[in-house]
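Worksheet for the structure shown next.
The values are calculated or read from the model by the stated rules, or taken from the named source; none is laboratory data. The shown structure was predicted, so the numbers you read here are calculated from the model rather than taken from an experiment. So basically every Cβ, Gly included, is an ideal-geometry build from the backbone, and we count neighbours across all protein chains shown.
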Amino acid sequence: MTDKAMILYVEDDPNLGFVVQDGLRRAGYTVHLMRDGKTGLQQFNEQEYDLCILDVMLPEKDGFSLAEDIRRINQDVPILFLTARSSMEDKEMGYGKGADDYLTKPFEQQELQLKIRALLRRRMGEGEEKESELISIGIFTLDNSLHLLDGGSESRKLTRTEAKVLDALLKQKGKVIEREFILNLVWGKDDYHTGRSLDVYISKLRKYLMEDERIRIENIHGVGFRIYEDE
């Protein structure tokens, strides 16, 4: 899958776009290059992709908005941002819109291809899951294979990352799970940026579960998290 993956690449810089597209094609990928967010979304609707690479500063529709639209259509396709905007606020916004990883310009082609291979391996491994695995807490049930959180007033389709974080917490329900374990399980690394993005996802999960007032996701300072139900 990784050698023949279909990649949607949205980049308005023609020089960078050509260089990246050429490098990825030489590496064996099929790459469709779009110049703005609007045509990028149109192309995504016309073709099934294994990975999306998005610039943030795009004409017509910026990368954050494009990622948000893609997530409404497909919760599972990996999204990688390439951007000159390296502030933590921008990265948190990107992860909040459903991004799986971030690469700051300028970058090396080798680093980009390493990230692509990691994202595709992660997706391929998850695609091999055959049976639904249901885990419950309070009024909610998580179907990890479908990334579906059921219960309360509505069913919610989670992103792949949201489902993996919640699944990790629920499998250790009532116990403390270390931050390092979650970060390596979900992102494959433990650093400052992934740590901050984990905090963003924990906040989102708290909001999703707040309809059941008994459910708590406790932050154990300097250690990790614990999900449990109040008696």
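One table, with the values for the structure above:
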{"item": "Per-region count, the stretch 3-36, residues out of contact with any Pro (no Cβ under 7 Å at 6 or more places or on another chain), surrounded by fewer than 18 Cβ atoms within 10 Å (Cβ to Cβ) and either among the acidic types (Asp, Glu) or farther than 20 Å from ARG72 by Cα (or both)", "result": "17"}
{"item": "Condition broken by HIS32, with the remaining ones in (1) closer than 25 Å to TRP187 by Cβ; (2) of a type outside the set (S, T, N, Q); (3) at pLDDT 95 or above; (4) more than 18 Å from the chain's Cα centre (by Cα) satisfied", "result": "(1)"}
{"item": "Boolean, ARG123 is under 15 Å from the mean Cα position of the chain (by Cα) and assigned by TED's automatic domain parsing to the domain that holds MET93", "result": "yes"}
{"item": "Unique residue being hydrophobic (A, V, I, L, M, F, W, C), in a helix (DSSP H, G or I) and buried (at least 18 other Cβ atoms within 10 Å of the Cβ) when the list is ALA67, ALA99", "result": "ALA67"}
{"item": "Filter result for the condition that a residue is of a type outside the set (Gly, Ala, Ser), in contact (Cβ under 8 Å) with a residue 24 or more places away in the chain, touching an Asp or Glu at 6+ places or on another chain (Cβ under 6 Å) and not in a helix (DSSP H, G or I), over LEU33, LEU58, LEU54", "result": "LEU58"}
{"item": "Selected residue [of a type outside the set (Ser, Thr, Tyr), closer than 15 Å to LEU120 by Cα and either assigned by TED's automatic domain parsing to the domain that holds ALA163 or in contact (Cβ under 8 Å) with a residue 12 or more places away in the chain (or both)] from ASP12, ASP76", "result": "ASP76"}
{"item": "Residues that are surrounded by fewer than 20 Cβ atoms within 10 Å (Cβ to Cβ), closer than 18 Å to LYS105 by Cβ and over 18 Å from the mean Cα position of the chain (by Cα), drawn from the stretch 37-64", "result": "MET57, PRO59"}
{"item": "From ARG72, ARG117, ARG121, residue being closer than 23 Å to GLN21 by Cα and loosely packed, with under 14 Cβ neighbours inside 10 Å", "result": "ARG121"}
